[in-house]
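I have placed the structure first, in the form of structure tokens, so that the comments after it can refer back to it.
The values are calculated or read from the model by the stated rules, or taken from the named source; none is laboratory data. The model shown is predicted, which means the values in this text are computed figures rather than measured ones. Cβ placement follows ideal geometry from the backbone for every residue including glycine, while neighbour counts extend to all protein chains displayed.
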Amino acid sequence: MNKGTNGMRYITVALAKGRLAENTLGLFEQIGIACDELKDKKSRKLIFVNEEHRLIFFLAKANDVPTYVEYGAADIGVVGKDTLLEEGRKMYEVLDLGFGKCRMCVAGPPSAHDLLKHGELIRVATKYPNVAKDYFYNKKHQTVEIIKLNGSVELAPIVGLSEVIVDLVETGTTLKENGLVILEEICNISARMVVNEVSMKMEHERISKIIKDIKGYLAKQDQQLVNGGKS
Ligand code: PRP
């Protein structure tokens, strides 16, 4: 199967550091592509070469993954839909990987319900200014002031920086423990596989095979869940 692979160019895969990368490496392992070195949590190594499959994996900050893919420094990327929406870069989104599921929401203290309902000029703190702008300006036609933060966004309404936040909600624990509630849901989020537009043409066969194998594995998993649920 690997005969003649020596002349092949490397296909590069950019992974968003953290949990998404761990899940993705597990997925690649399931389709027969191992990258043990990157799975070692103690290691600070950012790049791993799989000679057998002529693949290079590297770990990047989530927000940078779409940049690497759009410029072609990575042929393939795995990143959250939240990051894709925020970065708005040009590339093909080819697969919903089904993990990293959460929701993009407007949240705040229960009292903020009325402010939203009456379309008042409110302040919105978020790590996702573009997503928040698109939601409030284009979908709700509500003028708001967007304040960009870099994390722990739930603090903002508590300390009076903003009336509401736009942020990811997974289990809802962070909101709950800080006395906040979901006010509006913007969209569902999960990990996505993306492909550089030129790479998709130039390396169509190899990239399609990876997509097909992962799709097949995910479908098998879903089927097992359905069957398991029945028995
Ligand atoms: C994310 C998100 C919420 C929290 C939601 O933050 O921004 O704060 O997780 O998860 P939950 O609903 O399960 O509580 P993250 O942990 O990435 O940290 P950050 O806020 O510092 O970015």
Can you tell me which residue among A62, A112, A74 is more than 13 Å from the ligand (Cβ to nearest atom), at negative phi, under 23 Å from the mean Cα position of the chain (by Cα) and hydrophobic (A, V, I, L, M, F, W, C)?
A74
Can you confirm whether V144 is more than 16 Å from the ligand (Cβ to nearest atom), in contact with a helix residue (DSSP H, G or I) (Cβ under 6 Å, 6 or more places away or on another chain) and either acidic (D, E) or not assigned by TED's automatic domain parsing to the domain that holds D82 (or both)?
yes
Test each condition in (1) more than 14 Å from the ligand (Cβ to nearest atom); (2) at pLDDT 95 or above; (3) touching a strand residue (DSSP E or B) at 6+ places or on another chain (Cβ under 9 Å) for A156 and report the one that comes out false.
(1)
Per the filter on region 185-210, residues in contact (Cβ under 8 Å) with a residue 24 or more places away in the chain and more than 25 Å from E22 (Cβ to Cβ) are E185, I186, E197, V198, M200, E203
Across (1) within 17 Å of R206 (Cβ to Cβ); (2) outside any strand (DSSP E or B); (3) touching a helix residue (DSSP H, G or I) at 6+ places or on another chain (Cβ under 8 Å), H53 clears everything bar (3)
Within region 31-90, how many residues are in contact with an Asp or Glu (Cβ under 7 Å, 6 or more places away or on another chain), buried (at least 21 other Cβ atoms within 10 Å of the Cβ) and either among the polar types (S, T, N, Q) or not assigned by TED's automatic domain parsing to the domain that holds I214 (or both)?
0
Need the failing condition index for G151 against (1) more than 14 Å from the ligand (Cβ to nearest atom); (2) within 28 Å of V13 (Cβ to Cβ); (3) not polar (S, T, N, Q), just the number.
(1)
